[in-house]
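Participant: My questions all concern the structure below.
The values are calculated or read from the model by the stated rules, or taken from the named source; none is laboratory data. Note that the structure is predicted; figures quoted are calculated from it, not measured. Cβ atoms come from the backbone with ideal geometry, glycine included; neighbour counts cover every protein chain shown.
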Amino acid sequence: MSPRTPFWTPRLHAERRPFLMDRMAILRALRDHFDDMEFVEVDTPALQISPGNETHIQAFKTEMLMPGRRDRRYLRTSPEFACKKLLAAGERRIVEFARVFRNSERGPLHHPEFTMIEWYRAHGRYEMLMDDCMSIIARAAETIGTRSVSWRERIADPRADPDRLTVAEAFSLHAGIDLMAFMPPSEKVRDRFAIQAVDASVHVSADDTWADIFSKVLSDKIEPYLGLGRPTILDEYPTEMSVLARPKADNPLVAERFEVYLCGVELANGFGELNDAPEQRRRLAAQMDEKERIYKERYPIDDDFINALRIMPAACGVALGFDRLVMLLTGAPSIEHVMWTPVAEL
């Protein structure tokens, strides 16, 4: 959709309206689906003390005016902190259809304001979330009669049983890199990791960290081949790349973290949730140190969230990009075609 053509132009709206009708049908179906699974739908504030503490996710800032002072607030990048507080409060199975905000992100797959479906299971294994994701994608596809999706000449059956592979297997298969040979991350293994990435035709800059190299290999060499023909579940991310996830009991170098892909597009990101309060604070602080180094800013850590972790039960949670899912299932050419009123560009 051209930024020069307002979404309210009758001709353009008429072209977009079938996608929007399908959006609402899918939304109703998924609310029913979560109700069938006995989830409680919650509604948490978009305005937060901390928007989230991941290095490369940029937040929108604002101020809350109080008598005699101005308090910094942020628009959330995820409802995660608030939802985990509800788990600490005693909720056991919750879902939120959350409006979230991410700055510096706009394109065919990105929009600065979007809808994220985020749900949590107290005392559940994170593998249960994989089944949840597959049932949600299938329910959405069945609702509008979608049997095949395509994106940039990649095709998949959204209702097919998924492939499942670990990140290490994906690095070996698609990039020819033995990822476990370069873990845990350190300056020493970073240089050898960089050589392997360059050999795989990935551009590496002199100031790229181990995490930067990992992300470049994943983006350039692996993601385009995930979710072809059927959904892919990519599991066991390095713990260093999983700031909110707990390490796997049998291999602490990797975390209970997975992502779901369809036609090379990331749809969902799920964890076995870390509930070690001191370790969580350490990880978030490290993320903010890196943000300050790169972007010259940092976001506050939500002390209330850290305190809630001290009584939060073992849990698992996942976030799924609702707009991306609708875009793929309807065949829309971009994410903005499935949004009623995209954010205006001047």
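Residue by residue, here is whether (1) in the same structural domain as Ile136 (by TED's automatic domain parsing); (2) under 23 Å from Ile136 (Cβ atoms); (3) modelled with pLDDT of 95 or more holds:
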residue: Ala194; (1), (2), (3): no, no, yes
residue: Ser205; (1), (2), (3): no, no, yes
residue: Ile213; (1), (2), (3): no, no, yes
residue: Val217; (1), (2), (3): no, no, yes
residue: Leu244; (1), (2), (3): yes, yes, yes
residue: Leu253; (1), (2), (3): yes, no, yes
residue: Arg257; (1), (2), (3): yes, yes, yes
residue: Val265; (1), (2), (3): yes, yes, yes
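Participant: A further question follows. Are any of the residues in segment 105-116 within 26 Å of Ala140 (Cβ to Cβ), in contact with a Cys (Cβ under 8 Å, 6 or more places away or on another chain) and buried (at least 17 other Cβ atoms within 10 Å of the Cβ)? Lay out the reasoning, then the answer.
Facilitator: Of all residues in segment 105-116, those within 26 Å of Ala140 (Cβ to Cβ) come to 105-116.
Right, trim to in contact with a Cys (Cβ under 8 Å, 6 or more places away or on another chain) and you get none.
So far as segment 105-116 goes, no, none of its residues is within 26 Å of Ala140 (Cβ to Cβ), in contact with a Cys (Cβ under 8 Å, 6 or more places away or on another chain) and buried (at least 17 other Cβ atoms within 10 Å of the Cβ).
Participant: In the set Val198, Val189, which member is within 27 Å of Trp210 (Cβ to Cβ) and in contact (Cβ under 8 Å) with a residue 12 or more places away in the chain?
Facilitator: Val189
Participant: Does segment 136-193 hold any residues that are of a type in the set (Ser, Thr, Tyr) and not in a helix (DSSP H, G or I), and which are they? Before you say what the answer is, go through the steps one by one.
Facilitator: First, pick out the residues of segment 136-193 that are of a type in the set (Ser, Thr, Tyr): 143, 146, 148, 150, 166, 172, 186.
Answer for segment 136-193, where residues must be of a type in the set (Ser, Thr, Tyr) and not in a helix (DSSP H, G or I): Thr146, Ser148, Ser150, Thr166, Ser186.
Participant: If you don't mind, another one. Taking segment 94-113, which residues are within 12 Å of the chain's Cα centre (by Cα), more than 22 Å from Arg152 (Cα to Cα) and in a strand (DSSP E or B)? Quick ask: steps written out before the conclusion?
Facilitator: So in segment 94-113, the residues within 12 Å of the chain's Cα centre (by Cα) come out as 100, 102, 110.
With the extra rule that they be more than 22 Å from Arg152 (Cα to Cα), the set shrinks to 100, 102.
Answer for segment 94-113, where residues must be within 12 Å of the chain's Cα centre (by Cα), more than 22 Å from Arg152 (Cα to Cα) and in a strand (DSSP E or B): just Val100.
Participant: While we're here: Look at Arg282 and say whether it is outside any helix (DSSP H, G or I), at pLDDT 95 or above, of a type outside the set (Ser, Thr, Tyr) and surrounded by fewer than 19 Cβ atoms within 10 Å (Cβ to Cβ). Explain how you work it out, then say what you get.
Facilitator: Numbers: outside any helix (DSSP H, G or I): no; at pLDDT 95 or above: yes; of a type outside the set (Ser, Thr, Tyr): yes; surrounded by fewer than 19 Cβ atoms within 10 Å (Cβ to Cβ): yes.
So Arg282 fails the test.
Participant: Right, here's the next one. Could you count how many residues in segment 56-78 are touching a residue at least 40 places away in the same chain (Cβ under 8 Å), buried (at least 19 other Cβ atoms within 10 Å of the Cβ) and out of contact with any Ser or Thr (no Cβ under 6 Å at 6 or more places or on another chain)?
Facilitator: 2
Participant: Name the residues in segment 1-34 that are more than 27 Å from the chain's Cα centre (by Cα), farther than 19 Å from Thr330 by Cβ and hydrophobic (A, V, I, L, M, F, W, C), would you?
Facilitator: The answer is Trp8, and nothing else.
Participant: Quick check on Phe81: is it buried (at least 20 other Cβ atoms within 10 Å of the Cβ), in contact with a strand residue (DSSP E or B) (Cβ under 8 Å, 6 or more places away or on another chain), assigned by TED's automatic domain parsing to the domain that holds Val265 and within 25 Å of Met288 (Cα to Cα)?
Facilitator: Values: buried (at least 20 other Cβ atoms within 10 Å of the Cβ): yes; in contact with a strand residue (DSSP E or B) (Cβ under 8 Å, 6 or more places away or on another chain): yes; assigned by TED's automatic domain parsing to the domain that holds Val265: yes; within 25 Å of Met288 (Cα to Cα): yes.
Spelling it out, Phe81 is indeed buried (at least 20 other Cβ atoms within 10 Å of the Cβ), in contact with a strand residue (DSSP E or B) (Cβ under 8 Å, 6 or more places away or on another chain), assigned by TED's automatic domain parsing to the domain that holds Val265 and within 25 Å of Met288 (Cα to Cα).
Participant: Still on this structure: Taking segment 291-306 only, how many residues are surrounded by 16 or more Cβ atoms within 10 Å (Cβ to Cβ) and assigned to a helix (DSSP H, G or I)?
Facilitator: Qualifying residue count, segment 291-306: 2.
Participant: Hey, could you check segment 198-241 for residues that are basic (Lys, Arg) and within 25 Å of Glu290 (Cβ to Cβ) and say which is surrounded by the most Cβ atoms within 10 Å (Cβ to Cβ)? Reasoning before the result, please.
Facilitator: Step one: list which residues in segment 198-241 are basic (Lys, Arg), which gives 216, 221, 230.
When the remaining residues are screened for being within 25 Å of Glu290 (Cβ to Cβ), the result is 216, 221.
Values: Lys216: 18, Lys221: 20.
Of everything passing the filter in segment 198-241, Lys221 is surrounded by the most Cβ atoms within 10 Å (Cβ to Cβ).
Participant: Just checking, does segment 311-333 include any residue being part of a helix (DSSP H, G or I), among the hydroxyl-bearing types (Ser, Thr, Tyr) and touching an Asp or Glu at 6+ places or on another chain (Cβ under 6 Å)?
Facilitator: Here is the first cut: in segment 311-333, the ones part of a helix (DSSP H, G or I) are 322-330.
Cutting the leftovers down to among the hydroxyl-bearing types (Ser, Thr, Tyr) gives us 330.
Checking which are touching an Asp or Glu at 6+ places or on another chain (Cβ under 6 Å) leaves us with 330.
Yes - at least one qualifying residue is present in segment 311-333.
Participant: May I ask you to verify whether Asp35 is among the charged types (D, E, K, R) and closer than 30 Å to Ala277 by Cα? Give the derivation first.
Facilitator: Values: among the charged types (D, E, K, R): yes; closer than 30 Å to Ala277 by Cα: no.
Spelling it out, it is not the case that Asp35 is among the charged types (D, E, K, R) and closer than 30 Å to Ala277 by Cα.
Participant: Still on this structure: Within segment 36-48, restricting attention to residues that are in contact with a Lys or Arg (Cβ under 7 Å, 6 or more places away or on another chain) and in a loop (DSSP other than H, G, I, E, B), which residue is farthest from Arg73 (Cα to Cα)?
Facilitator: Top of the filtered list is Glu38.
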